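See below for the structure under consideration.
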Amino acid sequence: MNAYQLFWGKYHNDSNKAQAISSRKPLNMISFELFNMIFTYLQMDQLWLFSLSDNNSIKFSALSSLFKDIILTGLYDINKQSFLKIHFKYLHLFNSEILKFCRILRFFFTCLENIDEFDTLNQLSDNSIKIEHFQLFVNADKLTNLKKLTLSNITIQKIENFDALINLTYLNLSHNSNIKKIENLDKLKNLKKLILKANIKKIENLDTLINLKYLNLSYNNVLWNIENLDMLINLKTVILSNTNILKIKNLDMLINLVCLDLSHNLNIEKIENLDRLKNLKKLILSNDNITKIENLDKLTESLNLSVCGITKIEKLNRLVFFTYLNLSLNNIRRIDGLSKLIALKKLNLSWNSINEIKNLSKLVHLTTLNLLNNRISEVNNISKLKNLKVLKLKDNYIGEKEMIKLEALQQLIGVNPYCEKKSQKKRFKIVRDKRGCFSLILEDT
């Protein structure tokens with residue numbers, strides 16, 4: 001359908017407008033005024049169609065009706081334009097379609113009426129937009145109440161122009177590879193959550209963010225040192241995974257820290273300098289180069305040391321309030337050193353070299369035990385685990401007779417693969433898979 005047919009189909013019942021276009025004059029001869037009058041009555045999807053026209057007059061009028069405020073220098077083909085100015089409150093009508101037509105995207109927040117409209121910007125930023133440059137122009141009078149902003153994957157060159165966002169509590173500038181430095185955030189004193197994944201080279205210029213509670217600087221592979229965090233005493237979560245940090249240090253002042261993630265840092269070889277973190281509950285050091293468990297006396301809840309090369313379970317006796325322990329994918333041969341962890345609920349010892357289940361009888365609160373991919377041949381010493389509900393024993397050397405012993409665990413509802421919850425109408429059944437591994441399941445009687 002051409003433009004004339006679309007006009008005629010839309011307005012054939014309106015004699016005045018029908019007369020205006022019935023002369024079948026070439027559309028490029030129609031005035032801007034007439035285009036604007038006609039476009040006023042078109043639906044957005046029809047206007048978008050005209051904005052794709054090769055005729056510059058039609059294109060300009062359609063875009064003007066769509067976006068209310070447009071600048072096209074020289075009226076060249078829109079695909080070649082470097083600057084398209086759009087009022088943000090109309091952006092939600094088209095979402096990412098706009099990105100097909102411009103290389104430089106600039107948002108002018110001059111008529112922002114509802115702060116929820118920032119959801120659209122959030123959607124755009126999550127689509128790995130390939131734009132050469134992005135500039136944010138803000139009107140302080142309109143944006144002072146803004147609380148959440150995400151501008152990731154859009155190749156921002158520099159952290160700037162955020163001074164007006166004085167009530168911002170959440171800022172995500174992740175995966176903007178051109179950002180190399182943390183800067184110009186001094187005014188964001190109410191910021192509580194900051195995410196700068198895959199961006200920066202150094203931790204710096206955060207001293208004024210005294211209310212910050214969550215800091216994520218993961219996937220910054222040129223980040224070598226933990227530093228310049230002393231003023232952030234309200235931090236509760238720090239994520240520094242997948243960096244090149246050399247050593248655990250300079251965290252003494254973070255007395256309110258609850259969760260610390262330093263996983264996937266192969267340079268870290270020792271657990272140290274955590275003594276003053278009295279509120280630390282969750283520590284993640286998986287995929288580090290740690291071979292020895294030590295210096296964890298203050299930890300109170302959760303520890304992940306998977307894929308670390310640990311050979312022995314040790315020095316955990318003081319962690320009496322622990323509820324979760326993950327030592328999977330190590331070189332552990334023997335279950336030891338866990339008897340004092342009487343509050344433990346979940347224990348993961350999968351993918352080790354353990355050949356015997358033992359020394360677990362005092363873990364009476366244990367609900368999940370994962371022993372996948374070990375060298376276990378007998379199912380012993382778990383009868384006292386009355387709260388155990390999930391037991392994973394797949395890929396061991398356990399025979400059918402041994403699996404029958406598990407029938408004594410009446411509360412058991414899961415043996416890998418997961419079982420349905422037991423009821424009076426179900427019974428245990430032992431199943432052998434193609435590889436000769438046995439699993440205990442529940443079936444209808």
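Kindly give the semi-axes, whole Å and largest first, of the ellipsoid equivalent to the range 137-238, taking each as the square root of 5 times a Cα gyration tensor eigenvalue.
Numbers: eigenvalues 84, 57, 24 Å².
The answer is 21, 17, 11 Å, longest axis first.
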Under the rule rounded for a/c under 1.5, else prolate if a/b exceeds b/c, else oblate, using alpha carbon gyration tensor axes a ≥ b ≥ c, the range 249-362 is classed as oblate
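What ranking do Met403, Met44, Met253 get, fewest neighbouring Cβ atoms within 10 angstrom at the top?
Details: Met403 19, Met44 12, Met253 15.
Fewest-to-most Cβ neighbours within 10 Å comes out as Met44, Met253, Met403.
Kindly identify the range 316-419 as rounded, prolate or oblate by the Cα gyration tensor criterion: order the square roots of the eigenvalues as a ≥ b ≥ c, call it rounded if a/c is under 1.5, otherwise compare a/b with b/c, prolate if a/b is larger, else oblate. Provide the component values of the computation, followed by the final result.
Values: a/c = 1.70, a/b = 1.22, b/c = 1.39.
Note, shape of the range 316-419 comes out oblate.
Under 1.5 on a/c is rounded, so check that first for the range 161-297, then, if it is not, pick prolate when a/b is larger than b/c and oblate when it is not; a ≥ b ≥ c are the square roots of the alpha carbon gyration tensor eigenvalues. Before the final figure, lay out each step's value.
On the way: a/c = 2.36, a/b = 1.47, b/c = 1.61.
Judged from the Cα gyration tensor, the range 161-297 comes out oblate (a/c at least 1.5, b/c at or above a/b).
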Where does each of Cys308, Cys259 land when they are ranked from fewest to most other beta-carbon atoms within 10 angstrom? Cys259, Cys308
Dimensions (Å) - the range 241-301, Cα atoms, principal axes, largest first: 26, 20, 16
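We did not get these values from a lab; they are worked out from the coordinates using the rules stated. In this text, all values refer to a predicted model and were calculated from it rather than measured experimentally. Heads up, the Cβs are rebuilt from the backbone with ideal geometry, glycines too, and the neighbour counts pull from every protein chain shown.
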